[in-house]
Amino acid sequence: MAQLWGGRFTKETDQLVYRFNASISFDRKFYRQDMEGSMAHVRMLAKQGILTEQERDKILEGIQGILEDVESGKLPITDQYEDIHSFVEANLIDRIGDAGKKLHTGRSRNDQVALDMRLYTRDEVLETDGLLKKLLNVLFGIMERNTETIMPGFTHLQKAQPITLAHHMGAYFEMFKRDRSRLKDIYERMNYCPLGAGALAGTTYPLDREYTAELLGFYGPMLNSMDAVSDRDYLIEYLSAMATIMMHLSRFCEEIIIWNSNEYRFVEIDDAYSTGSSIMPQKKNPDIAELVRGKTGRVYGALTSLLTTLKGIPLAYNKDMQEDKELVFDAIDTVKGCVALFTGMLDTIRFCKERMNDSARHGFTNATDAADYLVNHGVPFRDAHGIVGRLVLYCIEHQKALDDLSLEEYRAISPVFEGDIYEAISMETCVNRRLTVGAPGKEAMETVIENYRAYLQDQEG
Ligand code: ARG
C-alpha cells in the first residue's frame, strides 16, 4: 500500500477499505494527462520562483522518464498504489529523491484530478467528433450516389410517400451533424483550467494560473476555486451528447434491422458485418446493428447515474466524484466503438434498389399525388381525397397498383382523369416535383448535397 497521507494516522487502513477507496484500477487510464499536468505545474512553480530551475529540470526529467517507461511497458502501473497521482509521485521520489517531494507544492489531488479528467475528456471529445466526421463522409457518399434511388418513405411504419435513399440518408446526416455541433459547444465550455484551485480555496503560493492554463492549451483558468474542483457539468454534457449519438445510431440500426429482414430485403449487410447461427444454417443475423442498439442503454445509464451521483454533493470536493470515471470511460469506449463499427457496416452495406423501388410502387405511396392531380383539375381536395380512397380500395380488391389501372377503370370512378394521370403519378414525378427546401426532389436534394460538401470540406481546416 503506497499512500500519500499516512502522517496523521496511527493505524494501517483496513485492506477492504483500502481497496474500496482506491481508484488506480481505472484512473491509470489518464496517466499521460496526469504527468502532463504535473509538468506544467512544475514549470509554473519554477517561473514563480517557488522551485529552482535545477529542481524543475530534475523533476521534469524524472516525470519524462516515468512517462517513457510506462509507455514502453517497462514500468507497469500496479494496484499497490492508491491512485495514479500516488503512482507518479512515489516513482518520482524513487528516481530523483528529495526534489520529487516538491512536486505537489501548491496543489491538491482535488484540482489535480479535476485537471486530469478534463484533459482526458477534452481529447476524447475531439476523437468522438473525428469518428462522427468519418460517418458523415460515408453517408455523404451514399447520398451523392442515390438521388434517384426511389424508396418508400414511412410514417407509422406504413408506406406513406415516395422518397429517395439520398433523402433518407440525409435525415441521418442532419442528426450526426447536430451531434458534432453539440460536441463543439461542449469543448468551448469545458476548456478552462481547474489547476491552481488547490483543495478548494486556492493556495497561499503565488501561482500563475493563467500560465499553466496556457501551457495546457486551455482558454484560461476557471474563476472560482470551489467550482473548479467540484464542477462535473462538462461530463454531464458530454454523456448527454453521447447518449444522443447512441439514440441516433440506435434508430438507424433499428431501420437497418428492419430493412435487412427477410420481409423487407431493402439492404443486405455485408458478410464481414453479419453473424451466423449455431443451429440454423440459413441464418445471417444483423448482430452488430442489434448490439449497437443494445449498448445505447449503457450510455443512457451512465448519464442517469452521474446525474444522480452529483445531485446530493455539497461544495466542494467529495469522494463521490470519483464515481465519474468508470462511467464516463465506459461510455466513451462504447460510443467510439459503436460509431466506428457502424460506419464500417454502413460503408459495406448493399442497397437492393429494385426492391426499394418496387416497394414504393406497390404501397400506394403515390396516392397523395393522384389526389393532387384531381385538385389541379379543379376538384376540391376533400373530394379528391375521397375519390382516390375509392380507387385504392378498388386496387386492393383487384390486387393492383394505381399505376396498373386502365384509364377506363380510372374514369369509372372519376371522369376527371385523363391519359396524363400515369405520368403524374409515376414515382419519378412524385419525387421530383417535391422541390421545396429539404424535400426529396432531385434538384432540391442536389442543393443540399452541395451544402453538405462545403460543410465537410470546411471542416478539413
Ligand atoms: N481518486 C480521486 C478521484 O477520483 C482523486 C482525488 C482524491 N482527493 C481526495 N481528497 N481524496 O476523485
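Please state the relative contact order of the stretch 173-220 as a whole percent: Cα pairs under 8 Å, 6+ residues apart?
Reported as a whole number, the value is 36 percent.
Summing +1 for each Lys or Arg and -1 for each Asp or Glu, what net charge is found among the other residues whose Cβ lies under 12 Å from the Cβ of residue 24?
Its environment carries a net charge of -1.
With the crude spin-label approximation of a point 7 Å out along Cα→Cβ, what separation in nm comes out for residue 436 versus residue 15?
Computed distance between label sites residue 436 and residue 15 equals 7.2 nm.
Counting each DSSP H run of 4 or more residues in the chain as -39500 (n - 2.57), what helix-only mean residue ellipticity at 222 nm follows after dividing by all residues, to the nearest 500 deg cm²/dmol?
About -20000 deg cm²/dmol.
To the nearest 20 Debye, how big is the dipole of the stretch 211-305 about its Cα centre, given +1 on the beta carbon of each Lys and Arg and -1 on that of each Asp and Glu?
Dipole size: approximately 320 debye.
Mind giving me the FRET efficiency for residue 287 and residue 79? R0 is 45 Å, r the Cβ-Cβ distance, nearest 0.05 is fine.
Efficiency computed from Cβ-Cβ geometry: 0.80.
Which angle from 0 to 90°, rounded to the nearest 10, does the C-alpha axis of helix 53-72 make with the longest principal axis of the chain?
50
About the Cα centre of the stretch 114-194, how large is the charge dipole given +1 on each Lys and Arg Cβ and -1 on each Asp and Glu Cβ? Please answer in debye to the nearest 20.
The calculated dipole for the stretch 114-194 is roughly 160 debye.
Calculated FRET efficiency, residue 308 and residue 277, Cβ-Cβ r, R0 51 Å, to nearest 0.05?
Given R0 = 51 Å and the Cβ-Cβ separation, E is 0.80.
Output the 0 to 90 degree angle, nearest 10, between the alpha-carbon long axis of helix 109-145 and the longest principal axis computed from the alpha carbons of the chain.
20
In debye to the nearest 20, how big a dipole does the stretch 343-461 give about its Cα centre with +1 on each Lys and Arg Cβ and -1 on each Asp and Glu Cβ?
Here the stretch 343-461 has a charge dipole of around 300 debye.
If you bin the C-alpha pair distances of the chain every 10 Å from 0, what whole percents do you get?
4, 16, 21, 18, 14, 11, 8, 5, 3, 1, 0
I'd like the antiparallel share, as a percent to the nearest 5, of DSSP beta bridges with both residues in the chain.
80
Relative contact order for the stretch 312-461 using alpha-carbon pairs under 8 Å, separation at least 6, rounded to a whole percent?
16
To the nearest 0.05, how large is the calculated FRET efficiency for residue 52 and residue 330 if R₀ is 56 Å and r is the Cβ-Cβ distance?
FRET efficiency, residue 52 to residue 330: 0.85.
Loop only by DSSP, 11 or fewer other Cβ within 10 Å of the Cβ. Give me the chymotrypsin sites (Phe, Trp or Tyr not before Pro) in the stretch 386-461 that pass, ordered by residue number.
Counting only loop positions with at most 11 other Cβ atoms within 10 Å, none of the chymotrypsin sites (Phe, Trp or Tyr not before Pro) in the stretch 386-461 qualifies.
Figure the gain on full extension for residue 126 and residue 376 (residue separation times 0.36 nm, minus the Cα-Cα span) and round it to one decimal in nm.
Full extension of this stretch gives 84.8 nm more.
FYI, it's all coordinate maths here, none of it is from the lab. None of these values were measured; they are calculated from a predicted model. Cβ atoms come from the backbone with ideal geometry, glycine included; neighbour counts cover every protein chain shown.
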